Amino acid sequence: MVEETPWQQALRYANRANPYPFYEELRKTPVARQPDGTYVVSTYREIVALLHDPRVSSDLRKRPVPAAAQTEGSAEPVAEPIRAVLTEPNIITCDPPEHDRDRRMMMPHFAGPPHAPHAISDLEPEIRRIVDGLLDDMKGKNRIDAVDDFAYPLPVTVICKILGVPLEDEPRFHQWVETALDALDFGPEADSEEIRSRQAGGRQAVREFGQFAAELLDRYAQKPGPGMLSAMVNEDGPEGRMSKGVLVSNALLLIFAGHETTVNLIAHSVLTLLRHPDALEKLRRRPELIVPGVEELLRFESSVQFWHTRSAVEDIDIAGTTIPKGAPIFLAYGSANRDPERFADPDELDLERRDNQHLGFSQGIHFCFGAPLARLEVQVAVGEFVRRVQNPRLVEDPPPYRHNQIFRGPRHVLVDIDGIRD
């Protein structure tokens, strides 16, 4: 039996709750070739260098399609149901100048600087109203699920409002998102009938989700309405309009990323603070630490553990290894954020950590589009949870985790409580 690499071990579901010992081993070889030809980069300095290297492409169209991906029913070494269905790129799967143009066209409608410098901060009262309502609904309960009762409803409500997606459609797209993400598998368990079945389900979910997005855009093209999607489909700026395929691809990206990563970050923040009662009490006594505290929680439990769409367009020599032209590159953010060469005592939670330039939102031209919104949502949600929830105690540790390896997060976080403060 061939011994698994540290990366393969980190990707196993049995290690989802704690991949960090395997990351520590992986960092001994900062750029490690895997048996499938993928190069995994695990150290902070090397990842930052590649994030700013023009020889690294994010465009999946420039990457050779694996032989296994050419058959509909086959498991793919890079298991990508979205790639198998959507033929048009979005802003995280294309390069300049296409990327720069599309991001410029989207940014004014997302309510963010520099086009509308107060738009995100102006959402704070609405976010607080939602958070207060969720906590009020917990009154009278002795046990809550910090995922289903708290972490999920907030970001999905906010992203629906921003995009103009009817909130009554949330149950449908929630199931599509769950099915598609469960179909992504990059580890040694991918070559199994169960995963092949998940991949087929994931492709179908993305097709249905794409059809939903296309129909919503068509409705807004005929009758403009509130939100970003309507604004984009009716764009008449100097650079024209996006094609319908690119609009659909970016709409799916915004719905996926607009809530999934924030759900995991809120859930992990609650879980981490309950595991570190001294930090929880410190934050309760000093609520002003919520801003640096959220940055530390982003570093400590990265919502995006790695990213998988990059490849080398030329040979790249880095850390004593040559990544050959055409090779897939995985950037392991979760490992880099625990790199002791960059962060002192990286396995310690320090709410007052200085110079905390984590990679929780990546870096470079693909820096997270929604980072300002995510920060605000998590600051409000976690701050109010700490302030209002009385004597929270974990029921199960570790909790059950989602199958997905990229957007790593707990499926449930059950918490016993003594009550909810006003």
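The values are calculated or read from the model by the stated rules, or taken from the named source; none is laboratory data. The shown structure was predicted, so the numbers you read here are calculated from the model rather than taken from an experiment. In this analysis, Cβ positions are derived from the backbone assuming ideal geometry, glycine residues included, and neighbour counts consider all displayed protein chains. Surface areas here come from the heavy atoms of the whole protein model, side chains and all, with no ligands, DNA or RNA. Shrake-Rupley method; radii C 1.70, N 1.55, O 1.52, S 1.80 Å.
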- Message: So, in the stretch 153-168, exactly how many residues are surrounded by fewer than 18 Cβ atoms within 10 Å (Cβ to Cβ) and either hydrophobic (A, V, I, L, M, F, W, C) or touching a Lys or Arg at 6+ places or on another chain (Cβ under 7 Å) (or both)?
- Response: 1
- Kindly indicate whether residue 189 is outside any helix (DSSP H, G or I), within 29 Å of residue 409 (Cβ to Cβ) and out of contact with any helix residue (DSSP H, G or I) (no Cβ under 6 Å at 6 or more places or on another chain). yes
- Message: Between 304, 313, 263, which is out of contact with any Asp or Glu (no Cβ under 8 Å at 6 or more places or on another chain), among the hydrophobic types (A, V, I, L, M, F, W, C), touching a residue at least 60 places away in the same chain (Cβ under 8 Å) and over 30 Å from residue 54 (Cα atoms)?
- Response: 263
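So, in the stretch 141-185, of the ones that are assigned to a loop (DSSP other than H, G, I, E, B) and under 16 Å from the mean Cα position of the chain (by Cα), which residue ends up farthest from residue 109 (Cα to Cα)?
Out of the qualifying residues, it is 185.
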- Message: Take the conditions modelled with pLDDT of 95 or more, touching a helix residue (DSSP H, G or I) at 6+ places or on another chain (Cβ under 6 Å), part of a helix (DSSP H, G or I) and small (Gly, Ala, Ser) and apply them to residue 49. Does it pass?
- Response: no
- Message: Within the stretch 265-277, does at least one residue satisfy the condition of being open to solvent by 10 Å² or more (accessible area, probe 1.4 Å) and at pLDDT below 95?
- Response: no
- Checked the stretch 111-139 for anything in contact with a Phe, Trp or Tyr (Cβ under 7 Å, 6 or more places away or on another chain) and modelled with pLDDT under 90; matches are none
- Message: Give me the helices (runs of 4 or more DSSP H) completely within the stretch 268-361, filtered to those with at least 2 residues that are under 26 Å from residue 387 (Cβ atoms) and not hydroxyl-bearing (Ser, Thr, Tyr), ordered by residue number.
- Response: 277-285, 290-300
- Query: If residue 40 passes every condition in (1) modelled with pLDDT of 95 or more; (2) in a loop (DSSP other than H, G, I, E, B) but one, which one does it miss?
  - Reply: (2)
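If we scan the stretch 380-388, do we find a residue that is modelled with pLDDT of 95 or more and in a strand (DSSP E or B)?
Quick first cut of the stretch 380-388, residues modelled with pLDDT of 95 or more only: 380-388.
With the extra rule that they be in a strand (DSSP E or B), the set shrinks to none.
No, the conditions are met nowhere in the stretch 380-388.
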- Picking from 293, 227, which residue would you name as being out of contact with any Gly (no Cβ under 8 Å at 6 or more places or on another chain) and not β-branched (Val, Ile, Thr)? 293
- Message: Being out of contact with any Leu (no Cβ under 8 Å at 6 or more places or on another chain), under 30 Å from residue 332 (Cα atoms) and touching a residue at least 40 places away in the same chain (Cβ under 8 Å) is true for just one of 231, 200. Which residue is that?
- Response: 200
- Note on the structure: Exactly one of 196, 129 is assigned to a helix (DSSP H, G or I), surrounded by fewer than 16 Cβ atoms within 10 Å (Cβ to Cβ) and of a type in the set (Lys, Arg), and that one is 129
- Message: Quick check on this structure: which one of 331, 414 is out of contact with any Ser or Thr (no Cβ under 7 Å at 6 or more places or on another chain) and open to solvent by less than 20 Å² (accessible area, probe 1.4 Å)?
- Response: 331
- Only residues that are over 23 Å from the mean Cα position of the chain (by Cα) and within 24 Å of residue 92 (Cα to Cα): list them for the stretch 318-356, please. 318, 323, 324, 325, 326, 327
